[in-house]
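A short write-up of the structure that comes next.
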Amino acid sequence: MVAAAVCSLQMALCGELERPQPVFNRAPLVETPCAQLAIGDIRPEGWLRVQMQTMLDGMTGHLDEIYAKVVGDNNAWLGGEGDAWERGPYWIDGALPMAYIMGDEALKAKCVKWVEAILASQKENGYFGPDTDRPSMDGMQRDNAADWWPRMVALKILQQYYMATGDGRVIDFMTRYFRYQAETLPSKPLGHWTFWGAERGGDNLLVVYWLYDITGDESLLDLGDLIHAQSCDWTGRFTKDNHLYRQNSLHCVNLAQGFKEPVIYYQRSKSGEHLNAPIEALRRIRYTIGFPTGLWAGDELIHFGEPTRGSELCTAVEMMYSLEEMCRVTGDNRYADLLERVAYNALPTQVSPEGDARQYFQQVNQTAVTRDMRNFSTTHEDTDLVFGTLTGYPCCTCNLHQGWPKLTQNLWYANAAGGLAALVYAPCTVETALASGRRVCIEEQTCYPFEETVRFKVSLPEKRRQAETFPLDMRIPEWSDGYTLTVNGERVEPETVGDRAIRLTRAWADGDEAVLEFNAPVRVSYWYDNAAVIERGPLIYSLRMEEQWRKRECEGEDAARYGEYYYEVTSPTAWNVALRNDDLTGDNPKERFTVERRACGPRPWSPQDAPIVIRGRGVRFPSWHQVRGSAANVNYLSQIYPEEEVAEEVAIELVPYGCTTLRITEFPVR
């Protein structure tokens, strides 16, 4: 009711809002192959809808109640005297697309309250948001109110609000603010108040270019040049400097956010150096700080990829956002492959099954979730691994919410040829207008990433049922050993339109069904110290462990700092297992690891409900034990070892990493 009233008021003030159209680049920016659809055009289905509803019923929909001290009505962004920095905007940056994608009126009303407060806060000179520094209070960030960085998050909120509603006030608001930035940045650059603005300037830059594509105001291009010049040199860090070879050199989340900056600026520079810088970064990361989840060791500073180092939840959702933007700009399927790797491995495991708690850091080899002192660069009274509302550090409590809704928003794009593109796969429905103006609905029926078949069922919702000709682009994942594509049961040969991208252009009739099938053999990859990881499709696999969750109540200062409760997770399962070298050689992984399929239910992200199990053999490794709550360091690769180092052969059961809380993923090889 509140949301409906707000919407009615907006329409009365601004006229009835029109659905925004996909925004492609205008000259002189580089032509982009894809553009995002309006928020709400893509709806999650199947397991994805259940996952998002779980978040909606948990922290995402109720954070203003759970964390009222910081994101409640006293927040400075709402006109109060409380927190004045990033955490409130962080929440709405994920809550707003969640609300409009899921059609949740209660959460819409909460988000619109923030949007209206941000819009109303703008001064004559274009400045907006909190403007008063206040004395420090425990648990709140009340200084550096004028910092550029939290405004970058607020700009993303307004961008998404426009994409959901078409509210023209956003365009006028941003125009005034960017004029203010152009006037002010020469004397107060991005790093003036804190270093975060310079580290994360790419977030500012992408909204500047988005506005330019809508308005054509060429002064925005000059502002973009200034923002790029004041941002940290991510291109140099990725291609010339030694940051990715040097421990403790970068903050893990800054790296995730910085990943997109060279590609965002490439739209203006058209320089191959900018375009290719993230690819070089990924090459370096793979053999230094990299994790098989698609992320890296960073707890909070980056480290070489030992599998008991931490990986921050903010890193996962921010890297996903960077990859989504990079996919849109470049159409490079390497980024889509990596996006799925992060989304379907790292993301599901770091939030509790009921969506009421989250983990600040996760470990690739995680044998206990307890309050023990671990080898992290930044610790918070040993609460970093336990699942709580505020354990570790509270930034992730507010920032995690963007993960699933922004993934959903990027499952489909408008392509530059007037049709649609499916570059990332999950169960969903897209209903939108084509470039021709004709509306089309496509149901994407699949249990991906737990199956390799994706069905696209086309319907034409308008009364006239004539066929509509348009191109449908699809990605062929790097891991797929070939593919087949059929339409209405007949095999078809699509056009190749890029690296591992196919296009099927035809007169689509109501009821047509295209079926895309991939081949996903079992594979092995090698990571830290040549530890072995079992992979299949977009998923990596971990040793299944029995998980015993225990809720612990917090008291006194602990409750004030870390929330009312947290969960510890332990297991009686013997996890000290090595894989046999011969099983991993040549084509042996395909033969010696057996894939067992199970029903894909609505909640697949748990050990007991995992839709796929891989069975194999290993050997017990008695000397590998737990130290301070983590699997001890061990020689993952050993060319010569005494026979007594390993014991009996054992059967092992592997389940998808994202289905686990406790696990061994990187295995010693003997």
Row for the range 237-338, column shape: gyration tensor on C-alpha, a ≥ b ≥ c, rounded if a/c < 1.5 i.e. under 1.5, prolate if a/b over b/c, else oblate; value prolate
Could you work out the relative contact order of the chain? I mean the mean sequence separation of Cα pairs under 8 Å and 6+ apart, divided by the number of residues, in percent.
13
Let me make sure I get this right: for the range 631-670, a, b and c are the square roots of the gyration tensor eigenvalues over alpha carbons, sorted descending. Under 1.5 in a/c it's rounded, otherwise prolate if a/b > b/c, else oblate. Which is it?
prolate
Restricting to DSSP H runs of at least four residues, report the calculated mean residue ellipticity at 222 nm for the chain, -39500 (n - 2.57) per run over all residues, nearest 500 deg cm²/dmol.
-10000 deg cm²/dmol
Indicate the helices, whole DSSP H runs only, in the chain that combine a mean Kyte-Doolittle hydropathy of -1.0 or more with a Cα extent along their long axis of 20 angstrom or more.
87-102, 105-120, 148-165, 169-184, 201-215, 272-286, 313-330
State the answer as a single residue: which of 234, 363, 106 lies farthest towards the positive end of the charge dipole of the chain, with beta carbon charges of +1 for Lys and Arg and -1 for Asp and Glu, about the Cα centre.
234
Solvent-accessible surface (1.4 angstrom probe) belonging to residue 64, in square angstrom, nearest 10:
40
With unit charges on the beta carbons (Lys and Arg positive, Asp and Glu negative) and the dipole taken about the Cα centre of the chain, which residue among 543, 641, 329 sits farthest to the positive side?
329
Between the range 321-364 and the range 517-531, how many Å separate their Cα centres?
18
Counting only protein heavy atoms and using a 1.4 Å probe, what share of the accessible area of the chain belongs to carbon plus sulfur, as a whole percent?
47
Between residue 373 and residue 648, how many nm apart are label points set 7 Å from Cα along the C-beta direction?
3.8
At 7 Å along Cα-to-Cβ for each site, give me the label-to-label distance between residue 439 and residue 286 in nm.
4.6
Aspartates and glutamates whose Cα lies under 15 Å from that of residue 590, excluding same-chain neighbours fewer than 8 positions away
481, 535, 582
Intensity falloff of the range 488-573 expressed as log10 I(q)/I(0), Debye formula with alpha-carbon point scatterers, at q = 0.13, 0.15, 0.24 Å⁻¹
-0.79, -0.85, -1.17
Roughly speaking, what is the centre-to-centre gap between the range 373-390 and the range 172-220 when only Cα atoms are used, to the nearest Å?
35
Provide the solvent-accessible area of residue 104, counting protein heavy atoms only and rolling a 1.4 Å probe, rounded to the nearest 10 Å².
40
For Cα Rg over 2.2 N^0.38 Å, one of (i) 0.94; (ii) 1.03; (iii) 1.34 was computed from the structure I shared and the rest are decoys. Which label?
(i)
So what's the gap between the Cα centers of the range 407-438 and the range 541-615, to the nearest angstrom?
34
Over 26 Å between C-alpha atoms is what I'm after, so list which of 69/110; 156/260; 406/551; 123/188 land there.
406/551
Residue separation times 0.36 nm, minus the C-alpha to C-alpha distance between residue 640 and residue 105: what's the value?
186.3 nm
Where the chain is the region considered: accessible area per residue in Å², 1.4 Å probe:
36
How big is the charge dipole of the range 223-281 about its Cα centre, in debye rounded to the nearest 20, if each Lys and Arg gets +1 on its Cβ and each Asp and Glu gets -1 on its Cβ?
60
Under unit Cβ charges (Lys, Arg +1; Asp, Glu -1), what dipole magnitude, rounded to 20 debye, does the range 246-376 have relative to its Cα centre?
360
Given a cut-off of under 8 Å on Cα pairs at least six residues apart, what relative contact order in percent is computed for the range 157-270?
28
Give me the extension gain from residue 623 to residue 24: residue separation times 0.36 nm, minus the current Cα-Cα distance, reported in nm with one decimal.
209.8 nm
Charge dipole (debye, nearest 20) of the chain; +1 at Cβ of Lys and Arg, -1 at Cβ of Asp and Glu
760
Could you check the spin-label model distance between residue 354 and residue 217? Points 7 Å from the Cα along Cα→Cβ, value in nm.
4.8
At R0 = 60 Å the Cβ-Cβ FRET efficiency linking residue 187 and residue 457, nearest 0.05, sits at 0.55
The range 499-552, relative contact order [Cα under 8 Å, separation at least 6], %:
19
With every protein chain present, what accessible area does residue 184 have (1.4 Å probe, heavy atoms only), rounded to the nearest 10 Å²?
20
Please turn the phi angles of the range 551-562 into ³J(HN,Hα) values with the Karplus equation 6.51 cos²θ - 1.76 cosθ + 1.60 (θ = phi - 60°), one per residue in order, whole Hz, x for glycine and proline.
8, 10, 7, 9, 9, x, 5, 4, 5, 5, 8, 10
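The values are calculated or read from the model by the stated rules, or taken from the named source; none is laboratory data. All figures in this text were calculated on a predicted structure; none of them were measured in a lab. Backbone-built Cβ (ideal geometry, glycine too); neighbour counts: all protein chains shown. Ligands, DNA and RNA are excluded from the accessible area calculation, which covers all protein heavy atoms including side chains. Shrake-Rupley method; radii C 1.70, N 1.55, O 1.52, S 1.80 Å.
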